[in-house]
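Here's the structure, in structure tokens; my notes come after.
The values are calculated or read from the model by the stated rules, or taken from the named source; none is laboratory data. Because the structure is a prediction, the values reported are computed rather than measured. Here the Cβ positions follow ideal geometry from the backbone for every residue, glycine too, while neighbour counts run over all protein chains shown. Note: areas computed on protein heavy atoms with side chains; ligands, DNA, RNA excluded. Shrake-Rupley method; radii C 1.70, N 1.55, O 1.52, S 1.80 Å.
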Amino acid sequence: MTWREEYQAGKFRDVVFVTTDAGLTGGRRLARHEYPKRDLPFVEDMGRKARQFVLTLFVIGDDYMTQRDRLQTALEEEGSGTLIHPYYGTMIVAVDNFRCSESTREGGKASFDVTFVESGDNRFPTVASDTSAVVKTKSDTALTTINGVFNNNFNVAQQPEFVSSEATSILSDISEQLLARITRFPTLPSTTSDFIGDAGQLSTNASALILQPATLATSITSLFTGVQGLYSNPLNSLNVYRRFFDYGETLPNVPASTLIRSQQIANQTALTNLVEQTALIESARSASDVEFESYDDAVLVRDELDEKLDAQMLVADDDTYQALNDVRVAMINDISTRSADLARTVNYTPKATLPALVVAHELYGDALQETKIINRNKIRHPGFVTGGKSLEVLTDVA
């Protein structure tokens with residue numbers, strides 16, 4: 001294709017003009033660093049210069065004054081506009097300056113010398129907050145707080161044997177419940193054996209640990225924190241922790257009939273609070289590492305943790321309340337920030353029974369997206385997606 005065939009009629013903001021000459025200036029933005037006693041400077045490249053397009057153009061005809069006025073108005077209008085450059089095609093530019101000239105020698109014509117500058121999106125440098133890191137920091141602080149509260153409330157010293165027996169029984173149950181839960185999800189073999197050993201130690205050493213509340217608290221919280229090291233997918237950790245959100249409901253009620261029974265209740269409450277609160281704190285930590293597939297998935301987790309943390313805060317002491325609230329606020333901000341631009345889920349009903357890859361192609365123009373449809377809807381036979389049955393699908397896919 002010759003240059004004559006590629007040449008286009010000039011236009012700016014819908015005002016047509018004729019061009020006689022066109023020029024372009026550009027280059028690189030360089031910062032020169034010259035140092036004493038050094039002959040060669042260091043030149044730092046700061047990026048490409050804004051391109052400037054210099055056009056000599058004119059409007060002509062019996063109505064040239066009307067055309068001139070329209071072009072002047074377009075050139076002086078605020079903001080960027082669309083320029084059809086005769087040689088470079090369509091671009092977004094701003095007008096740096098222009099000069100209009102007329103002459104009686106050339107009646108019926110107005111000439112313009114215009115300098116256009118390319119104009120991009122209004123993007124300023126920003127500082128993004130690492131919301132996930134904030135969740136982890138607040139979680140660490142909260143664990144320290146609830147460990148201290150447990151140390152102040154748990155006590156089996158100089159208590160009858162049945163008080164100690166119940167405490168050791170609860171520790172054994174915690175260990176068993178954790179081991180039962182982790183077997184339901186695929187773990188990383190390199191870390192599973194260590195975790196099983198640590199969980200066993202909690203039960204085996206229970207009678208000694210209950211005499212050292214601070215050490216006991218650390219052992220329990222460390223064990224729950226260690227769950228995250230078992231999985232490559234943080235959602236699996238979250239599923240383990242869910243079992244312990246309402247752990248206290250599984251324990252038998254103890255009547256507060258004597259001072260000894262009251263201490264037994266205090267110990268049971270201290271243990272259940274520690275377990276439930278640790279599970280929630282570590283769930284928030286896990287959620288901060290989840291790469292959610294959709295906005296709706298993220299909101300479900302956010303709202304669930306928000307509700308459970310709020311319930312714990314209602315019955316917590318002042319220090320625990322503040323620590324849990326800090327985790328809650330950080331978690332909500334993190335998930336809300338990271339999920340804002342994610343795809344939404346909608347319902348889609350195939351008109352006929354089709355293979356999943358055909359459904360994926362109809363929805364996204366990409367048959368390779370069938371896995372997301374299969375997994376989200378737990379389709380057992382990918383070759384037969386039932387027609388007339390509603391599916392949950394994403395509005396967009398990466």
>> Out of the total accessible area of the stretch 186-319 (probe 1.4 Å, heavy atoms of protein only), what percent is carbon and sulfur?
In response: 52 percent
>> Can you give the FRET efficiency to the nearest 0.05 for Val346 and Arg29, using r as the Cβ-Cβ distance and R₀ = 45 Å?
In response: 0.45
>> I'm spelling it out carefully: the read-out is volume of the Cα convex hull per residue in Å³, the candidates are [x] 318; [y] 133; [z] 181, and one was derived from this structure. Which label?
In response: [x]
> For the stretch 206-290, what size does the Cα cloud have along each of its three principal axes, sorted from largest down, in whole Å?
Replying inline: 48, 25, 16
> Hey, got a sec? Which trypsin sites (Lys or Arg not before Pro) in the stretch 184-243 land in a DSSP loop and have at most 13 other Cβ atoms within 10 Å?
Replying inline: Arg184
> For the residue pair Glu291 and Arg99, what label-to-label distance in nm results when each label sits 7 Å from Cα along the Cα-to-beta-carbon direction?
Replying inline: 5.7 nm
> In nm, what is the difference between 0.36 nm times the number of residues separating Asn152 and Ile260 and their Cα-Cα distance?
Replying inline: 37.2 nm
> Roughly how many Å is it from the Cα centre of the stretch 197-227 to that of the stretch 280-294, as a whole number?
Replying inline: 25 Å
> Got a sec? What order do Lys351, Lys389 fall in by accessible area at 1.4 Å, biggest, i.e. largest, first?
Replying inline: Lys351, Lys389
>> Counting only GluC sites (Glu not before Pro) that sit in a DSSP loop (anything but H, G, I, E, B) with at most 14 other Cβ atoms within 10 Å, what is the longest stretch of the chain containing none of them?
In response: 79-290
>> How much length would be gained if the chain were fully extended between Asp14 and His381, taking 0.36 nm per residue of separation minus their Cα-Cα distance, in nm to one decimal?
In response: 126.5 nm
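Using only DSSP helix segments of four residues or longer, with each worth -39500 (n - 2.57), what per-residue ellipticity at 222 nm results for the chain after dividing by its residue count and rounding to 500?
Mean residue ellipticity at 222 nm (helix-derived): -16000 deg cm²/dmol.
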> Counting Lys and Arg as +1 and Asp and Glu as -1, each charge on the Cβ, what is the dipole of the chain about the Cα centre in debye, to the nearest 20?
Replying inline: 760 debye
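Length gain on complete extension for the stretch Thr371 to Ser119, per 0.36 nm per residue less the alpha carbon to alpha carbon distance?
Result: 86.6 nm gained on full extension.
Skip the ligands, DNA and RNA, and give the accessible area per residue of the chain with a 1.4 Å probe, whole Å². Write out the running numbers ahead of the final one.
Values: 22720 Å² over 398 residues.
Heavy-atom SASA per residue in the chain reads 57 Å².
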> Any idea which of Thr187, Ser139, Leu314 is furthest toward the positive side of the dipole for the chain, if Lys and Arg beta-carbons carry +1 and Asp and Glu beta-carbons -1?
Replying inline: Thr187
